[in-house]
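The values are calculated or read from the model by the stated rules, or taken from the named source; none is laboratory data. Computed from a predicted structure; not experimentally measured. With ideal geometry, Cβ positions are generated from the backbone for all residues, glycine too; neighbour counts draw on all protein chains shown.
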Amino acid sequence: MFYRRAGIRHTTYRQERQLWPLPFDRFLVGLVAALLIIAPFVVDRLYLVAYLLPWLIWSSAALGLNLLMGGAGQIHLGYGAVMAIGAYTSVHLVRFGTPFELAMVAGGLASAVIGSIFGFAALRVKSLYLAMATIAMQYIVDFVITHVPGISGGGMASVEVPPVRFLGILIEGDLRTYFMALAVCAVVALFMLNVGRTAFGRALAAVREKDYAAEIIGIDTFKYKLLAFWSSSFIGGVIGCVLVVCYLRSVSPEQFHLDLSIQLLAMVIVGGLGSVLGSFFGAGLILFAPIVFNNLIGAGADRLGIAIGADLRAHLPLMLYGALIVVFLIIEPLGLAKIYDNVRNYFLVWPFRHARR
Amino acid sequence: MSRGRRGAIKPVATREDDMRLTRRSFVATTAATALTGLRFSMRSAVAADAKVIKFGMPQDFTKIYTFVTAEYSQGARDYFTLVNGRGGVNGYKIDAEVSDHANDLPRAIEAYERLKREGMVLIDPLSTPVARALVSRALEDKINLVTAFSGRSDAADGAVFPYVMPLSPNYWTQAGLIIDFFRQQDKDLKGKKIVLVHIDTPFGKEPIPIFQALGQKLGYSFETFPYTPPGNDQSAIWPQVRRAKPDWVVFWGAGVGQTTALSEAVRNGIPMDRMSSSVWISESDMDVVGKDAVKGVLKFEPCASGRSPKVVADIIKEVAGKGQGAGPEAKIGTSYYNYGVMMAAIMVEGVRVAFQKNPNGPITGPWLNDGLTAITDFTAEGLLPAMTVTKDDHQGGGKGRIARWDGTKFVPQTDWFSANQDVVWAEIKKSAENFKTTGK
């Protein structure tokens, strides 16, 4: 009924190759895009700056990690460090007077270069061993940042982000930071949607499935593994820069510790490996489930007059959050994106259950 | 036959239906819960116009500071209950909203923005990373950011950080006082060796400039021994400390690093009465390492510990005695509990002074800031040293004392005193100036 799948047959290659071949999907994407664009004007400020903005930024970061993990099958536990490199590089460059546009790209490049150096480990080791190698990257980068006063900012280990201009527009206040993050997120999401349809994306998929087999059919795994690290780290660096400029407004080492890497990893896995939509779902769940539970339990206890001890009140949201993740993964091990996909598949030919899909 | 086939298909289909149903209802329930959440928080925004003064206390109950926060928060809330039970300040009740930010910046910023919308005039996040991330927001929104025993040490300079309120002796002052205590004990520190065993994070390295500057002034040699965070393994560092044969040891960490440091020091035979900590050591830590094993260890005390101060005794009588205590009664009077009482008392005193200056409000961040920066000779009925906060000095005078663990409690070794404030303020000015000009 919604998708009207039965009546549509593509007559040109162009139609077949569209990102969203079904009109209903295009309508949904357009609707979400329109909602995101008008959100700052209709949504309460709190939800804009404390929910939508971090959601967009964390989703973009999850997308970057998903390129490496879902796209090329290389696990990375140091993505927080990758973002730190981009954030610090760009902020210091801006402080020395580099235009922000250049600093942002330079941040991405610095992340890409350093990220690929650690990516060399991926040429030798796989899965859990690669996880260990990338954790090492996390710790080495953390160590270097805190121990070089020139990077961390000295005694207080905190560097304020100076006012920046993007294409002549001063990035400040709630609106402009939001739109900046939205624009970057849109670019990353479009890249991720399209990368699977390029030779590069297909080569990554071949490497992901089995690197020996990929080598046999003529894919240079050396090159593509490194390229996967390169491009994923580049995205991470740029998002690190967006994170500090649009959201945190100051850089300090604690912002990029292992916690962030694990958080992003959880977003990718809970959302769905290799899924663009999943990164958005995963980021939403991992970022906001603890907050929503926290507020719910707090407000509920206050209103119903139940005395909950501070300890329990603090830990209960985390227990529910943990349970929620487990339940989601039991219901659908392939992630939140797959749950959406199941629903979509069901409605694709609804109300006829046995039609050809 | 056809019947049998249908029979065979049907249960499968039903199971599928059930499965879908659970999935769908699951998604629906989640969405509904989320929506209720939004409605709840909107509701509480409406209820904010009663005669209350809103404080925000999103703190870390679950990640790193855990029991420190639990005791601190218990003390603070018990004090607010005491004040509210006596009718509040000028008829206004203190409404402190406590929640957990787990040291996670998105959660802390969410709490900050939500409470700001509800009219919060003061926030106490009790976390250095969170305080650092909130500095620019607090300065912009003119909300008082309390950074007691956390955050930037240079925020003591009120001219540069008008809305960042440490309201407590910062780490540099603590280092200065600890060194002065060593000087009082040894008469002269010339030729002595003082070592700092610290967690290898910005927080751990913070006091180093003061130790170095005082070393040059007083003639002692100074050495640092960093251990890797979180500090649950320090076995490699302490033999080196022993080999260095220090005259005095200062150990600088928080949480698990502190108890590990103490047990490793005991194992390496470092004399306990030559070791001192900053504010971050408490009775609960002593329970972990063994109360008798660490007899003699020293700490910096910003306020009196134990149950004898009048405020704490009042809390026991009027709050805990009536069953309104915020936590286990056994914790009342521990060091961290009393820190909480101390900070809450200072905040309430700020409110009182603010009413004195502008009785008709309106109750805003700047209004409270006027009160907080005019606190004069406040002792909270003997709980803390006389404290005077001014527009320029947000530290409040930098007084404290050194206390010694006697196996059951911390016994003060000195009177309330202040020392080496010239060196400390030189560092504060230098760092604050640096922040103003370069944002570092």
### Query
Among the candidates B:Thr128, B:Thr81, B:Thr69, which residue alone is among the β-branched types (Val, Ile, Thr) and more than 12 Å from every other protein chain (Cβ to nearest Cβ)?
B:Thr81
### Task
Just name the residue that is surrounded by the fewest Cβ atoms within 10 Å (Cβ to Cβ) out of those in the range A:21-49 that are within 14 Å of chain B (Cβ to nearest Cβ) and touching a residue at least 24 places away in the same chain (Cβ under 8 Å).
A:Arg45
### Task
Residue by residue through the range B:99-126, note down the ones that are closer than 26 Å to B:Val311 by Cα and modelled with pLDDT of 90 or more.
B:Met120, B:Val121, B:Leu122, B:Ile123, B:Asp124, B:Pro125, B:Leu126
### Query
So which residues in the range A:155-185 are surrounded by fewer than 18 Cβ atoms within 10 Å (Cβ to Cβ) and either in a loop (DSSP other than H, G, I, E, B) or free of Cβ contacts under 8 Å to residues at least 12 places away in the same chain (or both), if there are any at all?
A:Pro162, A:Pro163, A:Leu167, A:Gly168, A:Ile169, A:Leu170, A:Glu172, A:Gly173, A:Arg176, A:Ala183
### Task
Please work out which one of (1) surrounded by 19 or more Cβ atoms within 10 Å (Cβ to Cβ); (2) under 17 Å from the mean Cα position of the chain (by Cα); (3) assigned to a helix (DSSP H, G or I) is the condition A:Phe293 fails and give its number.
(2)
### Message
Give me the helices (runs of 4 or more DSSP H) completely within the range A:1-110, filtered to those with at least 3 residues that are over 21 Å from A:Gly272 (Cα atoms) and at pLDDT 90 or above, ordered by residue number.
### Response
A:23-42, A:79-95
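Conditions tested, residue by residue: (1) surrounded by fewer than 24 Cβ atoms within 10 Å (Cβ to Cβ); (2) without any contact (Cβ under 8 Å) to a residue 40 or more places away in the chain; (3) within 16 Å of B:Gly397 (Cα to Cα).
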site: B:Gly91; (1), (2), (3): yes, no, no
site: B:Asp100; (1), (2), (3): no, no, no
site: B:Ala108; (1), (2), (3): no, no, no
site: B:Arg114; (1), (2), (3): yes, no, no
site: B:Asp141; (1), (2), (3): yes, no, no
site: B:Val160; (1), (2), (3): yes, no, no
site: B:Asn170; (1), (2), (3): no, no, yes
site: B:Ala175; (1), (2), (3): no, no, yes
### Message
Taking the criterion of being more than 30 Å from A:Gly173 (Cβ to Cβ), in a helix (DSSP H, G or I) and within 11 Å of chain B (Cβ to nearest Cβ), would at least one residue in the range A:253-274 satisfy it?
### Response
yes
### Query
Mind checking which pairs have a first residue in the range A:307-322 that is within 10 Å of chain B (Cβ to nearest Cβ) and modelled with pLDDT of 75 or more and a second that is surrounded by fewer than 18 Cβ atoms within 10 Å (Cβ to Cβ) and assigned to a helix (DSSP H, G or I), Cβ under 9 Å, 6 or more apart or different chains?
A:Arg313/A:Ala301
### Query
Residue check: is B:Ser277 out of contact with any strand residue (DSSP E or B) (no Cβ under 7 Å at 6 or more places or on another chain), farther than 15 Å from B:Arg77 by Cβ, not aromatic (Phe, Trp, Tyr) and not assigned by TED's automatic domain parsing to the domain that holds B:Ile94?
no
### Query
Which of (1) part of a helix (DSSP H, G or I); (2) modelled with pLDDT under 90; (3) not polar (S, T, N, Q) is the odd one out, the single condition A:Ile145 does not satisfy?
(2)
### Query
Does A:Leu248 meet the test of being among the hydrophobic types (A, V, I, L, M, F, W, C), crowded, with 18+ Cβ neighbours inside 10 Å and within 14 Å of another protein chain (Cβ to nearest Cβ)?
yes
### Message
With closer than 30 Å to B:Pro230 by Cα and hydrophobic (A, V, I, L, M, F, W, C) as the only criterion, which of A:Met180, A:Met132, A:Met192 stands out?
### Response
A:Met132
